[in-house]
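Have a look at the structure below before the remarks.
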Amino acid sequence: MPDGRNVIIIGAGPAGLACAIALKKFGIRTTVLDKGTVADAIRRFPWHMTFFSTADLLEIGDVPFLSAGFRPTRIEVLRYYQKVAHFFDLSIQTHCAVRSIQRTAEGFAVETESGVLPATHVVVATGYYDSPNPFVVPGAELPKVHRTYTEPFSYAGKKIAIVGGRNSAVEMALELYRHGIDVTLIHRRTQLSDGVKYWLLPDILNRIKAGEIKAFFETEVAEVKPRSLVLKGNQAGEVLNDDLFVMIGYAPQNDLLDALGIETDPETAIPRHDPETFETNMQKLYIAGSIVAGRYNNKIFIENGRLHGEVIAGNIARK
């Protein structure tokens, strides 16, 4: 039978779901809150995306993940996590944004758009996909400026520019090129990131060398205009442009923690926590998933973030 503890988990991504499953196995009551749907960040990934990881590295709750191919697709991953949540009959409130967390004598009061929920413990597993790194230039508010990408077909016949030099920018540039779209890659550094996937790097470099994808290195966008971009740096000047994708990464979502008084490292944006238990400097408040890595969001992926749940659940159960 469930004991008297009631844990609220903020975020219904893989890390949050894994935590809810592990807690349920201990008989501890949980409620998962998400302002979107289950695995909402993955839902907004490019529609035809194939994951780098194999299916077994994405499994949670000891539920096998069977994929048609060696690497699962976005659709397969979405179906898997939604089915796992249903299999364990998790209590999940979707489309329920959390406004604040307050400390109470019994634990916490979590304020949502529809009311206040009490909790003895809280786990924050909010990820970072909703908070892209700032892009502050004149014209950045124009509708032609995008921070996410879904598919190439609506951009046929257009001149597309991409700001960035990591995997998301490279993959997008290659896909647009292969659909016959005029694409330009703009990167402030002298070369692409060392972290670009090893099978993508020779492909993109060959396309750039052949002039099939234009690349402006040591160059930045100085201004966005309705039909053009003003560039500064090595390739300074004005170029025609219809749409601009800014793929420069994401920042952690620490607003809830900051408002509660959780200490955060000013350089790394990593909330202060015990790396052995993921409990923050406020007792009974935990973090899970990519938020644990702060700005170094290339350190925590689904593959290792999903493991946080069992650690957190074990710590709560022992207490």
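Only residues that are in contact with a strand residue (DSSP E or B) (Cβ under 8 Å, 6 or more places away or on another chain) and of a type outside the set (S, T, N, Q) were counted across the stretch 278-307, and they come to 11. For the stretch 188-215, a residue qualifies if it is over 19 Å from GLY249 (Cβ atoms) and modelled with pLDDT of 95 or more, and the qualifying residues are PRO202, ASP203, LEU205, ASN206, ARG207, ILE208, LYS209, ALA210, GLY211, GLU212, ILE213, LYS214. Just one residue in the set VAL183, VAL137 is in contact (Cβ under 8 Å) with a residue 12 or more places away in the chain, over 30 Å from ALA12 (Cα atoms), in contact with a Phe, Trp or Tyr (Cβ under 6 Å, 6 or more places away or on another chain) and not assigned by TED's automatic domain parsing to the domain that holds MET49; that residue is VAL183. Find the residue count for the stretch 290-306, including only residues that are farther than 19 Å from LEU17 by Cβ and basic (Lys, Arg). Number of matching residues: 2. Report whether or not ALA210 is under 27 Å from the mean Cα position of the chain (by Cα), among the small types (Gly, Ala, Ser) and within 21 Å of LYS159 (Cβ to Cβ). Here the answer is no, as ALA210 does not meet what is asked. For the stretch 12-52, a residue qualifies if it is of a type outside the set (A, V, I, L, M, F, W, C) and either farther than 16 Å from ALA313 by Cα or assigned to a loop (DSSP other than H, G, I, E, B) (or both), and the qualifying residues are GLY13, GLY27, ASP34, LYS35, GLY36, THR37, ASP40, ARG43, ARG44, PRO46, HIS48, THR50.
Residue by residue through the stretch 90-109, note down the ones that are surrounded by fewer than 19 Cβ atoms within 10 Å (Cβ to Cβ), within 25 Å of the chain's Cα centre (by Cα) and not in a strand (DSSP E or B). Once the filter is applied, which keeps residues that are surrounded by fewer than 19 Cβ atoms within 10 Å (Cβ to Cβ), within 25 Å of the chain's Cα centre (by Cα) and not in a strand (DSSP E or B), the stretch 90-109 yields SER91, THR94, HIS95, ALA97.
The values are calculated or read from the model by the stated rules, or taken from the named source; none is laboratory data. Nothing here was measured: the structure is a model prediction, and the numbers come from that model. A quick note on method: Cβ atoms are made from the backbone with ideal geometry, for glycine too, and the neighbour counts reach across all protein chains shown.
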